[in-house]
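Undergrad: Pasting a structure below so you can have a look.
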Amino acid sequence: MTPGQVGTSVTGTPHIAARPGDFAPLVLMPGDPLRARRIAETFLHDARQVTDVRGILGYTGTHRGVPMSVLASGMGIPSVTIYATELFRHYGVRRIVRVGTAGAIPAAVSVRDVVIAAAAHTDSSLSRVLVDGVTLSLAPSYRLLRAAADAAGPALCGDAAVHIGPVLTSDHFYLARPALFDALEDRGTLAVEMEAAGLYAVACAEGGEALAVLTVSDHLRTGDALTAEERESDFDRTLRIAATALLTGV
Ligand code: HPA
């Protein structure tokens, strides 16, 4: 790791102080900047820090010999759409896989399970304001989705179940609306998180590919939650699935 190369560039975007070429075409995107640093330290080789504007840390190294970057998204749709847009539009990024956590809705989904977001409903205006008169479907890249589904077998996931289906990307973390969760569960929704729909909307608009691979960190019905140690070990599982998807066909 060679930190400290950040903020020195005279180029960059309003929110990323990296030079052209500083990001690899393949990007892992956790929400938490400290998670991005840990991924750079433990999962990438020869990672160097490329940006730290507003504490949103980004690094570039290699994974299995292929250049790969990690950049935090921050929390929520407004934050993730800023970083994803600037990566796709200004840094030549082709693929972004979000690696994050989610709260489970149905009893069939447990904490520790993996949720691969095959679609993202949202209570954000995002799906309605982009194309006049149309509510957009926000979906991942099929190529990345298929690669993640193929990768998410027992070898990578052990005894943790893998669920592939819709999530709710909510603008509200403190969303105390059990009736809403009932209605979403009746329509097959697996979990709630706060970024996938924004990432999918940007990838479509910018001609990139995106996917969200989530660890269930808490259960909205039962109140179950992972401990800090479990979050670490279970997070590694989603990271390996995400990296395998990023590398597909490369
Ligand atoms: N709501 C929204 N986002 C989340 C949750 C949740 O319950 N858990 C993890 N990310």
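The values are calculated or read from the model by the stated rules, or taken from the named source; none is laboratory data. Bear in mind that the values here come from a model prediction, so they are computed numbers and not experimental data. Positions of Cβ are generated from backbone atoms using ideal geometry, with glycine treated the same way; all protein chains shown enter the neighbour counts. Surface accessibility is based on the protein's heavy atoms, side chains included, excluding ligands, DNA and RNA. Shrake-Rupley method; radii C 1.70, N 1.55, O 1.52, S 1.80 Å.
Undergrad: Name the residues in the range 198-221 that are over 13 Å from Ile116 (Cα atoms) and within 12 Å of the ligand (Cβ to nearest atom), would you?
TA: Within the range 198-221, Ser217, Asp218, His219, Leu220, Arg221 meet the criteria.
Undergrad: Please go through (1) more than 16 Å from Ser141 (Cα to Cα); (2) surrounded by 24 or more Cβ atoms within 10 Å (Cβ to Cβ) for Ser217 and return the number of the only condition it doesn't satisfy.
TA: (2)
Undergrad: Scan the range 164-172 and give yes if some residue there is of a type in the set (S, T, N, Q), over 16 Å from Leu138 (Cα atoms), open to solvent by less than 30 Å² (accessible area, probe 1.4 Å) and in contact with a helix residue (DSSP H, G or I) (Cβ under 6 Å, 6 or more places away or on another chain), otherwise no.
TA: Start the filter on the range 164-172 by keeping residues that are of a type in the set (S, T, N, Q), which leaves 169-170.
Now narrow it down to the ones that are over 16 Å from Leu138 (Cα atoms): none.
No: zero hits.
Undergrad: Among the residues of the range 179-196, are any among the aromatic types (Phe, Trp, Tyr) and within 12 Å of the ligand (Cβ to nearest atom)?
TA: Pass one, the range 179-196, residues among the aromatic types (Phe, Trp, Tyr): 181.
Adding the requirement that they be within 12 Å of the ligand (Cβ to nearest atom) leaves 181.
Yes, the conditions are met somewhere in the range 179-196.
Undergrad: Can you pull out every residue in the range 115-160 that is assigned to a loop (DSSP other than H, G, I, E, B) and within 18 Å of Thr244 (Cβ to Cβ)?
TA: Kept after step one, since they are assigned to a loop (DSSP other than H, G, I, E, B), are these residues of the range 115-160: 123-125, 130-141, 152-153, 158-160.
Result: Pro140, Ser141, Ala152, Gly153, Gly158, Ala160.
Undergrad: Do any residues in the range 180-201 that are in contact (Cβ under 8 Å) with a residue 24 or more places away in the chain and closer than 15 Å to Ala139 by Cα have Cβ atoms under 6 Å from those of residues that are part of a helix (DSSP H, G or I) and within 12 Å of the ligand (Cβ to nearest atom), where the two are at least six apart or on different chains, and which pairs are they?
TA: Going by the 6 Å Cβ cut-off, the qualifying pairs are Gly198/Ile77.
Undergrad: Okay, next question. Could you name every one of the strands (runs of 3 or more DSSP E) located completely within the range 6-98 that has at least 1 residues being open to solvent by less than 30 Å² (accessible area, probe 1.4 Å) and of a type in the set (Gly, Ala, Ser)? Give the derivation first.
TA: On the way: elements: 26-29, 45-51, 58-63, 66-71.
In the range 6-98, the matching strands (runs of 3 or more DSSP E) lie at 45-51, 58-63, 66-71.
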